[in-house]
1. Hey, Q129 hits all of (1) touching a strand residue (DSSP E or B) at 6+ places or on another chain (Cβ under 8 Å); (2) touching a residue at least 40 places away in the same chain (Cβ under 8 Å); (3) crowded, with 18+ Cβ neighbours inside 10 Å but one; which does it fall short on?
2. Can you tell me which residue among L55, L101, L71 is within 30 Å of P137 (Cβ to Cβ) and in contact with a Cys (Cβ under 9 Å, 6 or more places away or on another chain)?
3. For A169, are the conditions met, namely being within 30 Å of A88 (Cα to Cα) and out of contact with any strand residue (DSSP E or B) (no Cβ under 7 Å at 6 or more places or on another chain)?
4. Taking the condition of being part of a loop (DSSP other than H, G, I, E, B) and of a type outside the set (G, A, S), how many residues in region 93-137 meet it?
5. Here are the criteria: (1) aliphatic (A, V, I, L, M); (2) in a helix (DSSP H, G or I); (3) surrounded by 14 or more Cβ atoms within 10 Å (Cβ to Cβ). Tell me which single one A80 does not satisfy.
6. Take region 32-42 and flag every residue that is under 20 Å from L101 (Cα atoms) and either out of contact with any strand residue (DSSP E or B) (no Cβ under 6 Å at 6 or more places or on another chain) or among the hydroxyl-bearing types (S, T, Y) (or both).
7. Consider D168 carefully, then state whether it is crowded, with 21+ Cβ neighbours inside 10 Å, touching a Ser or Thr at 6+ places or on another chain (Cβ under 7 Å) and either in a strand (DSSP E or B) or at pLDDT 95 or above (or both).
8. Within the set of pairs 6+ apart or on separate chains, which have a first residue in region 7-34 that is touching a residue at least 60 places away in the same chain (Cβ under 8 Å) and under 26 Å from D63 (Cα atoms), a second that is among the charged types (D, E, K, R) and part of a loop (DSSP other than H, G, I, E, B), and C-beta atoms under 7 Å apart?
Amino acid sequence: MSKLFSPFKLGPIDLPNRIVIAPMCQYSAQDGFPTDWHMIHLGHLALSGAALLILEAAAVSRDGRISPDDLGLWSDEHAAALEPVVHAIRRHAPIKIGIQLNHAGRKASSEVPWQGGANIPVGHARGWQTVAPSALPHAEGETVPLALDAAGLQRIQDDFVAAARRADALGLDVIEVHAAHGYLLHQFLSPLANVRTDEYGGALENRMRFPLAVFRAIRAAVSPEMVVGVRISATDWVEGGWDIEQSVVFARELDKLGCQYIHVSSGGVSPLQQIALGPGYQIGFAARIKGEVAMPVIGVGLITEARQAEAIVADGQADLVALARAMLYDPRWPWHAAAELGATVTAPPQYWRSQPREQKALFGDTRLGQR
């Protein structure tokens, strides 16, 4: 039996396989509100046969958006606008649904990727003043962020909690706290972005303090049925930055607080990063952390082939694998992987007739769909 297509229990929810669709920003919202693009895009992915779909990073406040076109969850109106998308997915697919909550910190006020992704200055119509742990810009010449004071930290923590409660009220299954890719919580963790001299800077214990406080507050604010996990960058890929050893310590602390999974990515906090790209290039970090914590670990990063994903799970390097760009390129990746590995996958009955004759077992017993 394929390990990739074996069931897995993630907190209180049951997953039919180990395939996760990683959150991918679409930069297609209007003032934080989802558009038709979200209905089409997310509905398409929901029919993929994956076990869990994590919606793109949703900003917990207006100034926490990566770009002016980011999805948001900073008001009840934003939650209400997302509700039809969630309900449409629920009607037609058994996939579990999560959402990633984020504040971009000093990487906010950026242009969309297909427009170059550059920092938008404060005086520009689409730009705004950014905030961060320290008054250090992400790159030379970019907006210098305001260093957060105690009131600012409390406001952002409250914003995370309020957004989490909205996600809970929407009936989502999973909340993923974004502490990766150079955004605000990662900025607190990394000594490259955090040079504070108070209780939130300096020693590792201090740099972890605010991200752990945000996680603790979210976990306490939502129902026990809600899975709450964290995405991290295991390394900055810069000498003297955040690294795997610090990530292990952070993961252990999250484990103690009842974190229900850790999603292991890397990079994003510095333009000086030197990433060693290659197939599954981040899986070694996931494997290291898996050996140190009790909670499940999601591995991600250039996982493109079915047997590659199978080996990652079968060898115990990660409990689940997440796909992003590979899923955009092939939204039926789980179908094709199941066919290759001799497994079955969930598909809507409207599509049962699509399976090749030599793969009649792919969707299980579909005799009613073959007339």
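The values are calculated or read from the model by the stated rules, or taken from the named source; none is laboratory data. What you see is a predicted model, and the numbers here were worked out from it, not measured in a lab. Cβ coordinates were reconstructed from backbone atoms using ideal geometry, including for glycine residues, and neighbour counts include every protein chain displayed.
1. Looking at each condition in turn, Q129 falls short on (3).
2. Result: L71 is the single residue among L55, L101, L71 that is within 30 Å of P137 (Cβ to Cβ) and in contact with a Cys (Cβ under 9 Å, 6 or more places away or on another chain).
3. Details: within 30 Å of A88 (Cα to Cα): yes; out of contact with any strand residue (DSSP E or B) (no Cβ under 7 Å at 6 or more places or on another chain): yes.
It is true that A169 is within 30 Å of A88 (Cα to Cα) and out of contact with any strand residue (DSSP E or B) (no Cβ under 7 Å at 6 or more places or on another chain).
4. Step one: list which residues in region 93-137 are part of a loop (DSSP other than H, G, I, E, B), which gives 93-95, 103-104, 108-109, 111-112, 116-118, 120-130, 133-137.
Add one more test, that the residue is of a type outside the set (G, A, S), and what stays is 94-95, 103, 111-112, 120-122, 124, 126, 128-130, 133, 136-137.
Residues in region 93-137 being part of a loop (DSSP other than H, G, I, E, B) and of a type outside the set (G, A, S): 16 in total.
5. (3)
6. Passing the criteria: F33, P34, T35, W37, H38, M39, H41, L42.
7. Values: crowded, with 21+ Cβ neighbours inside 10 Å: no; touching a Ser or Thr at 6+ places or on another chain (Cβ under 7 Å): yes; either in a strand (DSSP E or B) or at pLDDT 95 or above (or both): yes.
Against the criterion (crowded, with 21+ Cβ neighbours inside 10 Å, touching a Ser or Thr at 6+ places or on another chain (Cβ under 7 Å) and either in a strand (DSSP E or B) or at pLDDT 95 or above (or both)), D168 does not qualify.
8. Y27/D69; Y27/D70
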